[in-house]
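The values are calculated or read from the model by the stated rules, or taken from the named source; none is laboratory data. Quick caveat, the model's predicted, so the values are computed rather than measured. Every residue, glycine as well, gets a Cβ built from its backbone with ideal geometry; the counts of neighbours run over all protein chains shown.
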Amino acid sequence: MLLMKIKMLNLRRCSSVRAGGLLLLLLVSRIGLTTARADAISDLASFSIFDKVDLAQLAKSEVKTAHGPPMSNPRFLAVQSCYVATGSSPAQQIQALRQWDATRHRELKVFLHSDLPSNPTPANFDKLKSAPGNSSVRSFVAETQKMGSGLQISKEEAKKFSPGAGGGGGTVPAAVVAFWADVLTARTKSFVSGGMSAQPPYDHAGPSVRAGDEVNGLLREQGKIRSQFSALLGATGIGRGAGSLKPELYWELLEADDQGIITLGASYSRSGAGGTYQAADVLYYASGGYYVALTLYQLWPVTVDGKPSTLVWRGDMISAASLATLHGVERLGSESVMMKNITKAVTFFRRDTSGGR
Amino acid sequence: MKRFECEIFAVICAASSLLLATRIFAEEDSGNWLKSVSHVPFEYNAEDTYVGGGDVQRGPNKDVRDFDENDSIVHFVFTPRTKFGVLRIGADWERFSFGLPDHAALPDTLQSVSLVMGLDMQFSDSIIVRAEGQPGVYDTEFDNLGYDNFNLPFLIGGTYIYSPSLQLVLGVSVDIERKYPVIPVAGFRWKIAPEWLLEAVLPTPRLQYEMNKDLSVYVGANVKQTSYRVDDDFGTTNGIPRLNHAILTYSEVRTGAGLDWKISHVLTATGEVGYQPYRNFDFYRSDVRYHQDGGAPYGMISLHGAF
């Protein structure tokens, strides 16, 4: 099953349990002190699958997840979620997202994470040498050394691999580190200069697939979401040329479908009217497992129990060749796993950012 | 689990009707949820098994020796996605043919044709529930059908997704014509390692090793139990009048090893060989039972897939 890239917004659990004697007070607080700006709730309903949200109820619960509408392309899958981050503004949520470290949690299977400058060099990928020696990483190394059909690279990139280049031992041999450092450096630079449309295709061992086309397909099949985020997306390199917004770049080594993969990501965020925020996090390159993954966030300032809080909507969408082989209940199961992963990541995030509440 | 049966013509007709019904359902009742779905997905299976000469025995003196078996299955189910889950609407046909010697008090054909009507529902991010019935005709030669040849076995089962690697299954199979009408089922599916998968769930438990993305080998079993009604004069013809129009519960277990070859995204070929250690013809309401007295080797081939 697919492991989604996990980055999320900070949220703090609302105060919840009250003694029975305080029931009346609780009722009053729900009615009187929980206020959602009408535009937040209606805005959420207008583009998401959460058409009826009780803010007070949501604030007391864990993240609410549901599968997105079915899409005609069998490679596509989408899950939407929403939750309330109590006691924290949208701006604070965005900041917490930037600082959160998913590698602290083994369950999320993000082995390495490293931020990248806008003009990276191969040295920015040196951390790959210190990859853990688990079976996923070993399979990643083996696949690289044989230039296996599971690798998502271009034919031109594949020609650059030299098994004998460099020496050294360790989990990831020097030749493998050198190869990926070159590939990832070039892909990062092309993303910075030309967005996703400048990315080389995946055509090393199969039909040509372009990550930009995939992300555009994902958005095209979710018209309401695309419309909601059109202004933000238009300023980014997601599915198009380089945008005006400056991305925060990173790379990760993680596990997808039991295989180690290397992925490149870019995050964008910007504020909107009335204290709202929108953010986008795209994995625009993956060495295997999935073609592209996109997570969109919409944040509204709300008040819960008298505290300034944030209503968060999150939309996760992914394109993967393996999804096309799933049908019926298998696809339901895949969605369930994706929802569980998102819920799990939110839980970890809360634990990390709210003192274990 | 019961399988459906009938003539192939009937299956095709049923499938055509169901396709129409599914499209109508999709257009009229599912609103926006199916608007973007340009085709109706389906799954299929065509399977044939040959079992070599085996023996059964009734009491100390009455036996049937060295008879072979052919088991054919055609299974076709549409699986459109709706707001409520994944619908399962289709048809199934299964026919057992036995090479019995003359005067054996056993039917040489058991067959059924039925609809498949089910729904897979996602109750949460951890629980998926399947409810599926197979209303149809469960008979021998289909030459003297009556209302009591109709049966509606069904199952309700839930899968708890503990993790991507481990799922727990709990369910119940109901067939009022069976000797034990309600049979609980429990099991699990455990991905032991990237290449190893253990599916300890009836009716087809198996341990599978994925050699590559197109080729897997496995060892496992197939447990079958279905009830059929025999002809009105079956008992008289065979010297046991109380078997006229009687219910026969036929059971068999196959254990073997096989190979799945994924020829394309929509077509997988499976070959399996093994041994049939258990077989039972049980007219349980008439207290006549032929039990296994000698197993037999078998071979199975199938083509299956999903669109």
Might you check whether a residue that is within 20 Å of A:Tyr297 (Cβ to Cβ) and part of a helix (DSSP H, G or I) occurs anywhere in segment A:175-190?
no
Out of all the residues in segment B:190-208, which are surrounded by fewer than 16 Cβ atoms within 10 Å (Cβ to Cβ) and within 14 Å of chain A (Cβ to nearest Cβ)?
B:Ile192, B:Ala193, B:Pro194, B:Glu195, B:Trp196
What's the number of the only condition in (1) at pLDDT below 90; (2) surrounded by fewer than 17 Cβ atoms within 10 Å (Cβ to Cβ) that B:Tyr50 fails to meet?
(1)
Test of understanding: among B:Ile176, B:Ile183, which residue is touching a Ser or Thr at 6+ places or on another chain (Cβ under 6 Å) and modelled with pLDDT of 90 or more?
B:Ile183
Quick check: is even one residue across segment A:92-114 among the basic types (Lys, Arg), in a loop (DSSP other than H, G, I, E, B) and modelled with pLDDT of 90 or more?
no
Counted residues in segment B:255-283 being among the aromatic types (Phe, Trp, Tyr) and crowded, with 18+ Cβ neighbours inside 10 Å come to 2
Among (1) more than 18 Å from the chain's Cα centre (by Cα); (2) over 29 Å from B:Asp48 (Cβ atoms), the one test that B:Pro181 misses:
(1)
How many residues of segment B:246-262 are farther than 17 Å from B:Gly299 by Cα and in contact (Cβ under 8 Å) with a residue 40 or more places away in the chain? The answer is 6
Give me the strands (runs of 3 or more DSSP E) completely within segment B:230-307, filtered to those with at least 1 residues that are more than 21 Å from the chain's Cα centre (by Cα), among the small types (Gly, Ala, Ser) and modelled with pLDDT under 95, ordered by residue number.
B:247-264, B:288-294
Identify all residues within segment B:284-304 that are buried (at least 17 other Cβ atoms within 10 Å of the Cβ) and not hydroxyl-bearing (Ser, Thr, Tyr); write none if there are none.
B:Val288, B:Arg289, B:Gln292, B:Gly295, B:Ala296, B:Met300, B:His304
Being more than 20 Å from A:Gln93 (Cβ to Cβ) and either touching a strand residue (DSSP E or B) at 6+ places or on another chain (Cβ under 6 Å) or surrounded by fewer than 18 Cβ atoms within 10 Å (Cβ to Cβ) (or both) narrows it down to one of A:Gly234, A:Gly265, A:Gly260, so name that one.
A:Gly234
For A:Val84, are the conditions met, namely being among the β-branched types (Val, Ile, Thr) and either at positive phi or not in a loop (DSSP other than H, G, I, E, B) (or both)?
yes
State which residue is modelled with the lowest pLDDT when the search covers only segment A:197-226 and only residues that are crowded, with 20+ Cβ neighbours inside 10 Å and either of a type in the set (S, T, N, Q) or more than 23 Å from A:Trp313 (Cβ to Cβ) (or both).
A:His204
Within segment B:53-76, of all residues that are among the β-branched types (Val, Ile, Thr) and either modelled with pLDDT under 95 or over 22 Å from the mean Cα position of the chain (by Cα) (or both), the one nearest to A:Leu332 (Cα to Cα) is B:Val56
Kindly list, by first and then second residue, each pair from a residue in segment A:315-341 that is within 10 Å of another protein chain (Cβ to nearest Cβ) to a residue that is hydrophobic (A, V, I, L, M, F, W, C) and part of a helix (DSSP H, G or I), limited to pairs with Cβ atoms under 8 Å and residues at least 6 apart or on different chains.
A:Arg331/A:Leu323; A:Ser334/A:Leu323; A:Asn341/A:Leu108
Of everything in segment A:47-81, what is surrounded by fewer than 19 Cβ atoms within 10 Å (Cβ to Cβ), assigned to a helix (DSSP H, G or I) and either within 14 Å of chain B (Cβ to nearest Cβ) or touching a His at 6+ places or on another chain (Cβ under 6 Å) (or both)? Give them in sequence order.
none
Filter segment A:204-259 for residues that are small (Gly, Ala, Ser), more than 13 Å from chain B (Cβ to nearest Cβ) and farther than 27 Å from A:Asn124 by Cβ and give the result.
A:Ser208, A:Ser227, A:Ser230, A:Ala231, A:Gly234
Taking segment A:306-342 only, how many residues are polar (S, T, N, Q) and touching a strand residue (DSSP E or B) at 6+ places or on another chain (Cβ under 6 Å)?
4
Selection from segment B:69-85 of residues outside any strand (DSSP E or B) and buried (at least 20 other Cβ atoms within 10 Å of the Cβ) yields B:Thr79, B:Pro80
Every listed condition ((1) in contact with a Lys or Arg (Cβ under 8 Å, 6 or more places away or on another chain); (2) free of Cβ contacts under 8 Å to residues at least 40 places away in the same chain; (3) of a type in the set (D, E, K, R)) holds for A:Asp203 save (2)
